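The next block holds one structure in the form of structure tokens; read it before the comments.
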Amino acid sequence: MIKNIIFDVGKVLVSYEPETFMAEKLGFDTKTREALNEAMFENPLWNESDRGAVPAEEMLKKFIANRPDYEAEIRKAYLNVGETIELMPYAVEWVKGLKERGYHLYILSNYAGMTYEQTSHKMKFLPYMDGVLFSFQCKLIKPEKEIYQHLLEKYSLNPEECVFLDDRKDNIEAAEKCGIRGIQFFHYDQAVKDLDSVLRDRKEHAVRTVHVDEITKAVSEMCIGINYVLSEDMSSAIKSAAEQEESPLGKQILSQLQENLEIAEADRIPVCQDTGMAVVFLEIGQDVHLEGGLLEDAVNEGVRQGYARGYLRKSVVGDPIIRENTGDNTPAVIHCRITGGDRIRIKVAPKGFGSENMSRVFMLKPADGIEGVKEAVLGAVREAGPNACPPMVIGVGIGGTFEKCALMAKEALTREVGSHSPVPYIKELEEELLEKINKMGIGPGGLGGTTTALGVNILTYPTHIAGLPVAVNICCHVNRHAVREL
């Protein structure tokens, strides 16, 4: 029976991108980056740095000795190594959700002391941990068996009650030799699925009963919260865009958007007057039994309560032609999927219609191929221009059928901005499209600049041999989305 979940940190809860750090933040060319990888980041000495047995200044001398011709560059990279690391956008909600489910959470990570000093403030998940063991604290490193034993002994853990998530196969194998269940982390969605499978096994498929009032309460709180406070990934994206925007006017507009977010959060008022039509995605575990009423009624009651209590604008009409306002922003648009396990995952994404009206579906021919997909997306953005309140987030669905690609495009908007598809060629396509969109010059507010979009998120699905459906769902700079698990 699993009671304890142990997390690695790097590439699991935080990103670790030394190559990006050297190229984009330090401006080092390819030759310099290769030299620094040889001398430091990919050198066996790097593990000894994590061990913490040698003082940081002494480690720096050892790295420099590997490539003394790059002393200045090595010194600059090493002393600013904390900039290789950023909090994963999903990390806090993930660990918080597991904590709320009653699991004990722990950290076991190879981590250098100096890096920890520079980055501990980024680790917003630490308050939810029941115990933390970094390699520099115990002078041991994974995959040495002693570090796993040290964690088990320090916190009196039974290995049979533990599961460990790490991105490295050798670390997982070492944990399993100590009797700890292991899950290799490749990407967030895969890890959540694998972890839920392990946790579900412990319950021997017992049915869990949930009263629909819990769903109503969650939806109500999420409707209010996401309209008052933008999600962390969006706030970070706007902040980063303001720092990088080249146009003075564009930079000014992005700064005003940041100020607007701060005022909304401080005064508890909506970030935008169009508080949207509520779109709700539900993933219901097949081992959940709902009681107390109908699921659809519970969701709509949550929307009704949230929009009333939050003093949010009611924007829904009961009939598309007669157009009489329903007065409570219901009904919501609800998408429900049955999944494994005994949990309920709720995603709420209120959608304003300035950007919604700019969205498009294209039924391409297979011969159009990936170039046809690119042109469809770029054409939709060009046509949207300033009308979608840029900077935008672009959700794209490719494949399936007419309605499936549109649904994927909508759900793609709920993925964290800055994250990428786990499919390599789709990741490349997301990056290419974002670059081309930002070269269009539409800019913040449509008044010109280098930031037209903050992200391009793509989902795909198998399709018919005779078709290539593509949907483009555009969202404005307040791309609202929140996730909660019950």
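Quick note: the coordinates plus some simple rules give every number you see, no bench work behind them. Since we're looking at a predicted model, the values are computed, not measured. Note: ideal-geometry Cβ built from the backbone for every residue, glycine included; neighbour counts use all protein chains shown.
For K374, which aspartates and glutamates qualify as cross-link partners when the Cα separation must be under 19 Å and same-chain residues fewer than eight apart are set aside? Straight-distance partners of K374: E383, E428, E430, E431, E432, E435. How large is log10 of I(q)/I(0) for region 354-479 at q = 0.10, 0.14, 0.20 Å⁻¹ when the intensity is taken from the Debye formula with one equal scatterer per alpha-carbon? Ignoring solvent entirely, the Cα scatterers give -0.26, -0.51, -1.05. DSSP assigns beta bridges within region 1-202; of those with both partners inside it, close to 15 percent run antiparallel. Identify, among V92, L459, N325, the residue whose Cα sits farthest towards the positive end of the charge dipole of the chain, taking +1 on the Cβ of Lys and Arg and -1 on the Cβ of Asp and Glu, with the dipole about the Cα centre. The one lying farthest along the dipole's positive direction is N325.
Only four residue types carry charge here, +1 at the Cβ of Lys and Arg and -1 at the Cβ of Asp and Glu. Report the dipole size of the chain about the Cα centre in Debye, rounded to the nearest 20.
In total the dipole reaches around 500 debye.
Spin-label pair V423-E153: with each label point 7 Å from Cα along the Cα-Cβ axis, the two points sit 4.9 nm from one another.
For M392, the residues whose modelled amide H falls within less than 5 Å of its own, excluding neighbours fewer than 5 places apart on the same chain, are A453, L454. Just the Kirkwood number for region 234-279, please: inverse of mean 1/r across all distinct Cα pairs, in Å, one decimal. Over region 234-279, the inverse of the mean reciprocal pair distance is 11.6 Å.
Each peptide in 468-474, 319-325, 443-449 gets a packing score, the mean of other Cβ atoms within 10 Å over its residues, and the list from highest to lowest is 468-474, 443-449, 319-325.
Net charge near F281: determine it from the other residues with C-beta under 11 Å of the C-beta of F281, scoring Lys and Arg +1 and Asp and Glu -1. Net local charge, F281 excluded: +2. The Cα center of region 147-212 and the Cα center of region 319-364 differ in position by 35 Å.
The convex hull built on the alpha-carbon positions of region 44-160 has an orientation-averaged projected area of 8.2 nm². Secondary structure note: in region 359-486, about 50% of the DSSP beta bridges are antiparallel.
Using θ = phi - 60° in the Karplus curve 6.51 cos²θ - 1.76 cosθ + 1.60, the 3J(HN,Hα) couplings for region 207-222 round to 7, 10, 9, 10, 7, 5, 4, 5, 5, 4, 4, 5, 5, 4, 5, 5 Hz; x is entered for Gly and Pro. If you take all other residues with their beta carbon under 11 Å from the beta carbon of T452, and give Lys and Arg +1 and Asp and Glu -1, the sum is +1. Distant-in-sequence amide contacts of V210, defined by a placed amide H-H separation under 5 Å and a gap of 5 or more residues or a different chain, comprise H289, L290, E291. Candidates I334, V303, G372 compared by Cα position along the dipole of region 298-425: farthest toward the positive end lies V303, with charges placed on Cβ. The phi-based Karplus calculation (6.51 cos²θ - 1.76 cosθ + 1.60; θ = phi - 60°) puts the 3J(HN,Hα) values of region 276-286 at x, 8, 6, 10, 10, 9, 10, 10, 9, x, 5 Hz, whole numbers, x for Gly and Pro.
Region 371-391 and region 69-131 have Cα centres spaced 37 Å apart. Based on alpha-carbon atoms, the Kirkwood radius and the radius of gyration of region 1-112 give Rg/Rh equal to 1.08.
Near H464, once Lys and Arg are set to +1 and Asp and Glu to -1 for all other residues with Cβ below 12 Å from its Cβ, the sum equals +2. For the chain, the mean residue ellipticity at 222 nm estimated from helices alone is -12500 deg cm²/dmol, where every DSSP H run of n ≥ 4 contributes -39500 (n - 2.57) and the total is divided by all residues, rounded to the nearest 500. Each semi-axis of the equivalent ellipsoid for region 209-348 is √(5λ) with λ an eigenvalue of the Cα gyration tensor; in descending order they amount to 32, 20, 13 Å. Residue by residue, region 316-324 carries 3J(HN,Hα) couplings of 9, 9, x, 9, x, 9, 5, 6, 9 Hz when phi is fed to the Karplus relation 6.51 cos²θ - 1.76 cosθ + 1.60 (θ = phi - 60°); x denotes Gly or Pro. As a length-normalised measure over Cα pairs under 8 Å and 6 or more apart, the relative contact order of the chain settles at 15 percent. Unpaired Cys in the chain, meaning no second Cys C-beta under 4.7 Å: C138, C162, C178, C223, C272, C336, C405, C475.
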